[in-house]
Amino acid sequence: MDFKKDLLDGLGIEVTQQQLNQFDIYYQYLIEYNKIINLTRITEIDDVYYKHFYDSLTLANTIDLNSVKSLCDMGSGAGFPSIPLKIMFPNLNVTIVDSLNKRIVFLEKLLDKLEITDVVSIHDRIEHFALNHQSSFDVVTARALGNMSLIAEMGIPITKIKGKFVAYKGNNYEEELSVSQQGIKLLGGNVQKVSKYELPFHLGTRNHIVIEKIKDVKGYPRQFSVMNKKPL
């Protein structure tokens, strides 16, 4: 494994020794803490580095993160994609929202170990958080969080006008996206592009569905049970 070379060759990202050290601390602590609570099923070192770290960082080729100030990561879990992005782009002011307090506790301890600042981790249901933080973030991410209709209704409202909501998806996103197109427009969004990436070592394909927010629309997201029962 040559993570430094693979990041440069695959994504054009130059990583410093300090950043490599932070990724090492991240990996070691993730595996240690995973014995206490289930954070990830992926635990082999190469898999974590490429299926989690590298995968998270593909966003740097989709959006110019050097010009982004605020990023919100919905349902971050063990910190993906926001913590790898913060390691590589210290300019980001990151807000992480997760409904499970055990994961928030892990993230706060991890951030201390990484000596990272300007990251706020919030224990809340995303739909509740979204109602009080409308049009607040330049970029909003959702990775492995749920179907497109659901995450769009939670993510687009908290995105600033001209900001981007980005859904990380695997190969089978086309039908999901097609079904959710009407809802995305209703929420004031416009599908700008879909960026495709191949992970190194044939570890899979990743797609970023990039939605630009065109206008503010009030009244969303609805209650979770309603969103689930009646997708837009």
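Per the conditions (1) surrounded by fewer than 23 Cβ atoms within 10 Å (Cβ to Cβ); (2) under 26 Å from GLU14 (Cα atoms); (3) in contact with a strand residue (DSSP E or B) (Cβ under 9 Å, 6 or more places away or on another chain), the sole criterion not satisfied by ASP124 is (2). Scanning segment 194-210 for residues that are among the polar types (S, T, N, Q) and touching a residue at least 60 places away in the same chain (Cβ under 8 Å) yields a total of 1. In the set SER99, SER82, SER70, only one residue is surrounded by 18 or more Cβ atoms within 10 Å (Cβ to Cβ), touching a residue at least 24 places away in the same chain (Cβ under 8 Å) and polar (S, T, N, Q); that residue is SER82.
Scanning segment 150-166 for residues that are buried (at least 21 other Cβ atoms within 10 Å of the Cβ) and either farther than 21 Å from VAL226 by Cα or in contact with a Leu (Cβ under 8 Å, 6 or more places away or on another chain) (or both) gives ILE151, ALA152, GLU153, ILE156, PRO157, THR159, GLY163, LYS164, PHE165, VAL166. Taking segment 102-114 as the range and being in contact (Cβ under 8 Å) with a residue 12 or more places away in the chain and either out of contact with any strand residue (DSSP E or B) (no Cβ under 6 Å at 6 or more places or on another chain) or part of a strand (DSSP E or B) (or both) as the test, the residues that pass are LYS102, ARG103, PHE106, LYS109, LEU110, LYS113, LEU114.
Here is a list of conditions, (1) farther than 19 Å from ASP55 by Cα; (2) in contact (Cβ under 8 Å) with a residue 24 or more places away in the chain; (3) not charged (D, E, K, R), and ASN132 meets all of them except one; can you say which number that is? Only one criterion is unmet by ASN132, namely (2). Just a yes or no: is a residue in segment 75-82 closer than 21 Å to ALA167 by Cα, touching a strand residue (DSSP E or B) at 6+ places or on another chain (Cβ under 6 Å) and assigned to a helix (DSSP H, G or I)? So far as segment 75-82 goes, yes, one or more of its residues are closer than 21 Å to ALA167 by Cα, touching a strand residue (DSSP E or B) at 6+ places or on another chain (Cβ under 6 Å) and assigned to a helix (DSSP H, G or I). Looking across segment 203-232, the residues that are more than 22 Å from the chain's Cα centre (by Cα) and in a helix (DSSP H, G or I) come down to SER225, VAL226, LYS229.
Restricting attention to segment 1-54, the residues that are closer than 21 Å to GLY204 by Cβ and in contact with a Phe, Trp or Tyr (Cβ under 8 Å, 6 or more places away or on another chain) total 18.
Per the listing LEU186, LEU131, the residue uniquely surrounded by fewer than 18 Cβ atoms within 10 Å (Cβ to Cβ) and in contact with a Leu (Cβ under 7 Å, 6 or more places away or on another chain) is LEU186.
Each value in this text was obtained by applying a stated rule to the coordinates, not by laboratory testing. All figures in this text were calculated on a predicted structure; none of them were measured in a lab. Don't worry about glycine lacking a Cβ; one is built from the backbone with ideal geometry, like all the others, and counts go over all protein chains shown.
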